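Only one structure is covered here, and it is reproduced in the block below.
Each reported figure results from applying straightforward, stated rules to the coordinates on display, with no laboratory input. This one's a predicted model, so the numbers in the text were calculated from it and none came from an experiment. Here the Cβ positions follow ideal geometry from the backbone for every residue, glycine too, while neighbour counts run over all protein chains shown.
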Amino acid sequence: MPHPINPALQPNTLKISILGAAGGIGQSLSLLLKTQLHFPLKTNSTQRDKNHIHLALYDVNEDAINGVVADLSHIDTPVSISNHSPATGIKDCLMNSSLVIIPAGMPRKPGMNREDLFNINAKIMSNLTDDIAKYCDLSKVFVLIISNPVNSLVPVMVNRLWHKHQDVSKNTHIERRIMGVTKLDIVRAKTFLHEVTIDADITPRSNDMPDVPVIGGHSGETIMPLFSQSRSYKSLDKDQLAYLIHRVQYGGDEVVKAKNGLGSATLSMAHAGFKVVNKFVSLLLGNVSEIHGICYVSLLDSEGHPTAMGMEKLLPLIDNCAFFSIPMTITKKGVTSVDYDIVDRMDDHERNEMLPLCLPKLKKSVETGSKFAIEN
């Protein structure tokens, strides 16, 4: 049985905490991290045998997390692992963590959209925010939020840290390092476009996947897949584009229905989450000085000022929506710049029809999360 340990006692340890590790997404993500994260260790040959990765897995279900960690601990990789639950406390899980990943929360059920989950998961996120404020170094830690509804839960954490934990969050620029994981929308957009272009004989079958940026939010019409910026865009007709956009926006419903309401997207979400985490591991190990990706972040700091380069130009393009998913550059300090030009590169349909549908709904979700954080 793996033992709870404090990796801070070991030099050159990158500690990653997963909160909600025994759930559908958490188990699959933990498996991917345990089996695959030793590869970034091999990238930096000078530190190859010095760096170490430790996974600290937490869940409120003590029996489940004990079983998951016991099972994972038998896997033959040098990534170490420890189990944590309310019985042992969350402190040891979070102390000295460089990266906190949160898939914790109630999954979607039939008839639910992401907003229906808000009241339940906002309370969970608030409690975890308090724990992070208490036990993590807010000047350094990164937090990746997978729990839905991402559109509202990222504002919950950011605003709660600003308003309820000002004593520890002030001057840390923590909002630059709290990110909603929207990668599954990109994964779906790439997959569905790949299928359509092959089935319609637009492109020959290939092992190369297309690139499709997806911006905005992470629910329904707030999800904006920009197929205009894919290579095969000019070969797609209106019906194909409409099909692709709708399928990306409501791909989660497809999985819920296929599972007869007994589950939601867990395996594909774990895959998407792993792709994001893998980049952060390379950054935090020092293999690279910056990474690039699309995440859902706060565009403003606690004083209402843009948090990174390019945000002051992005804000008027999106009706001053305070949180948005956009291509960005990230260093160990957090988000340093965003690619606001992507809005100017939209086609007429994306700019004149999709964006006006996205922004009011996204702003409402942001307001819901921010208000909850301030009032509770």
Residue by residue through the range 123-138, which ³J(HN,Hα) values in whole Hz follow from phi under the Karplus form 6.51 cos²θ - 1.76 cosθ + 1.60 (θ = phi - 60°), with glycine and proline marked x? 5, 4, 5, 4, 5, 5, 4, 4, 5, 5, 4, 7, 10, 9, 7, 5
A student applying the Cα gyration tensor rule (rounded when a/c is under 1.5; otherwise prolate if a/b is larger than b/c, oblate if not) would label the range 91-217 prolate
Based on Cβ point charges of +1 for Lys and Arg and -1 for Asp and Glu, what charge dipole magnitude is obtained for the chain about its Cα centre, in debye rounded to the nearest 20? 660 debye
Nothing charged except the Cβ atoms of Lys and Arg (+1) and of Asp and Glu (-1): what's the magnitude of the dipole of the range 13-181 about its Cα centre? Round to the nearest 20 debye. 520 debye
Write out the GluC sites (Glu not before Pro) in the range 281-318 meeting two conditions: DSSP loop, and at most 15 other Cβ atoms within 10 Å of their Cβ. 290, 303
Tell me, what HN-Hα J-couplings in whole Hz come from the Karplus equation 6.51 cos²θ - 1.76 cosθ + 1.60 at θ = phi - 60° for each residue of the range 338-344, using x for Gly and Pro? 10, 8, 5, 4, 4, 5, 5
Using the count of nearby Cβ atoms within 10 Å as a rough guide to exposure, how do 231, 205, 160 rank from fewest to most? 205, 231, 160
If packing is taken as the mean number of other Cβ atoms within 10 Å per residue, what is the order of 161-172, 84-95, highest first? 84-95, 161-172
Highest mean first, how do 233-245, 13-25 rank when packing is the count of other Cβ atoms within 10 Å averaged over residues? 13-25, 233-245
Answer rounded, prolate or oblate for the range 13-181, using the Cα gyration tensor with square roots of eigenvalues a ≥ b ≥ c: rounded when a/c is under 1.5, else prolate when a/b is larger than b/c, else oblate. oblate
Non-local residues with an amide H under 5 Å from the amide H of residue 81, with H modelled 1.01 Å from N and Pro and chain starts lacking one, are 55
With x for Gly and Pro, the residue-by-residue ³J(HN,Hα) of the range 14-21, computed from phi through the Karplus equation 6.51 cos²θ - 1.76 cosθ + 1.60 at θ = phi - 60° and given in whole Hz, is 9, 9, 10, 9, 10, 9, x, 6
When the helices in the chain are scored as -39500 (n - 2.57) per DSSP H run of 4 or longer and the sum is shared across all residues, what 222 nm value do you end up with, to the nearest 500 deg cm²/dmol? -12500 deg cm²/dmol
